[in-house]
Amino acid sequence: MTQQQNKFNIDQLVDELKTAALSADAKAQVKSILEQIVKDPGWVAKSIPDYADDDVILFEDDLISIWHCRFPINLSVPAHDHQMVATIAVYQGAERNVLWTRNDSGAIEEKTELTVNAGDVLQLGPDAIHSVRSTDDIDSCAIHVYLGRLSTVKRSLFDTENGVVLPFDDANYQRLVCAEPA
Ligand SMILES: [Fe+2]
């Protein structure tokens with residue numbers, strides 16, 4: 001069942017994504033569902049719940065993790081991987097991505113920059129490494145969908161200034177995260 005055009009319902013979206021995760025074509029289905037949802041970003045923004053926390057896990061099992069992510073103004077999320085397909089659908093503000101790659105010697109190099117504006121969907125492969133900066137005028141809000149159990153998978157943070165790879169844990173994240181204006 002698809003969303004009724006006159007009323008966005010987050011619970012219905014979660015159900016649709018859970019069903020998509022069971023499909024052999026999950027990656028494409030998740031992207032298609034999210035593209036339909038955020039093509040009218042204002043519709044999502046005015047009807048989605050006002051979550052108290054910046055990161056809210058709406059659903060998670062071994063097949064899919066569905067998060068609502070709010071990045072406060074000028075937040076810089078340090079470079080990290082996901083170890084699974086990630087699909088990012090922004091409905092307010094923008095997520096300004098830097099995509100990184102590791103060269104043959106293991107060093108971390110900037111590959112490209114890519115801004116995901118409200119209304120856009122970005123899909124990243126399991127090996128992708130990105131850092132994210134929010135906008136400077138409004139909190140950036142998005143639905144993030146991962147094809148696996150994100151909260152417990154072993155993944156990495158990247159100290160790109162010093163070329164160091166670290167386990168993704170709270171201590172390393174807090175050390176690298178930055179909320180200062182660029
Ligand atoms: Fe990410």
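Kindly establish whether Asp139 is of a type in the set (Asp, Glu) and under 23 Å from Val14 (Cβ atoms). Criteria met by Asp139. Counting only strands (runs of 3 or more DSSP E) wholly contained in segment 123-182, the ones carrying 1 or more residues that are at pLDDT below 95 and touching a strand residue (DSSP E or B) at 6+ places or on another chain (Cβ under 8 Å) occupy 156-159, 164-167. For beta carbons closer than 7 Å, sequence separation of 6+ or different chains, a first residue in segment 111-132 that is in contact (Cβ under 8 Å) with a residue 60 or more places away in the chain and a second that is part of a loop (DSSP other than H, G, I, E, B) and within 12 Å of the ligand (Cβ to nearest atom), the qualifying pairs are Gln123/Val85.
Taken together, the residues in segment 149-168 that are more than 26 Å from Gly93 (Cβ to Cβ) and either crowded, with 18+ Cβ neighbours inside 10 Å or free of Cβ contacts under 8 Å to residues at least 12 places away in the same chain (or both) amount to 4. Over 11 Å from the mean Cα position of the chain (by Cα), surrounded by fewer than 18 Cβ atoms within 10 Å (Cβ to Cβ) and either basic (Lys, Arg) or at pLDDT 95 or above (or both): is that true of Asp104 in this structure? No, not satisfied. When segment 143-157 is limited to residues that are among the β-branched types (Val, Ile, Thr) and over 14 Å from the mean Cα position of the chain (by Cα), the one that is farthest from Tyr51 (Cα to Cα) turns out to be Val153. Per the conditions (1) within 16 Å of the ligand (Cβ to nearest atom); (2) surrounded by fewer than 19 Cβ atoms within 10 Å (Cβ to Cβ); (3) over 19 Å from Leu157 (Cα atoms), the sole criterion not satisfied by Thr112 is (3). Tell me, yes or no, whether segment 80-93 has at least one residue that is in a strand (DSSP E or B), under 20 Å from Leu166 (Cβ atoms), in contact with a helix residue (DSSP H, G or I) (Cβ under 9 Å, 6 or more places away or on another chain) and in contact (Cβ under 8 Å) with a residue 40 or more places away in the chain. Scanning segment 80-93 turns up at least one residue that is in a strand (DSSP E or B), under 20 Å from Leu166 (Cβ atoms), in contact with a helix residue (DSSP H, G or I) (Cβ under 9 Å, 6 or more places away or on another chain) and in contact (Cβ under 8 Å) with a residue 40 or more places away in the chain. Considered as a group, the residues in segment 118-132 that are more than 13 Å from the ligand (Cβ to nearest atom) and buried (at least 21 other Cβ atoms within 10 Å of the Cβ) include one that is nearest to Gly106 (Cα to Cα), and that residue is Val121. Restricting attention to segment 45-62, the residues being closer than 17 Å to Thr87 by Cα, buried (at least 16 other Cβ atoms within 10 Å of the Cβ) and among the aliphatic types (A, V, I, L, M) number 1. Every test in (1) touching a Ser or Thr at 6+ places or on another chain (Cβ under 6 Å); (2) farther than 30 Å from Lys46 by Cα; (3) of a type outside the set (Ser, Thr, Tyr) is passed by Arg96 save one, and that test is (2). Could you say whether any residue in segment 133-142 is within 12 Å of the ligand (Cβ to nearest atom), under 13 Å from the mean Cα position of the chain (by Cα) and crowded, with 21+ Cβ neighbours inside 10 Å? Within segment 133-142 (the criterion being within 12 Å of the ligand (Cβ to nearest atom), under 13 Å from the mean Cα position of the chain (by Cα) and crowded, with 21+ Cβ neighbours inside 10 Å), the answer is yes, since at least one residue qualifies. If you check Val14 against the conditions, is it part of a helix (DSSP H, G or I), surrounded by 15 or more Cβ atoms within 10 Å (Cβ to Cβ) and either basic (Lys, Arg) or touching a Leu at 6+ places or on another chain (Cβ under 7 Å) (or both)? Yes.
The values are calculated or read from the model by the stated rules, or taken from the named source; none is laboratory data. From a predicted model like this one, the values you see are computed outputs, not experimental measurements. Here the Cβ is made from the backbone with ideal geometry for all residues, glycine too, and neighbour counts use every protein chain on show.
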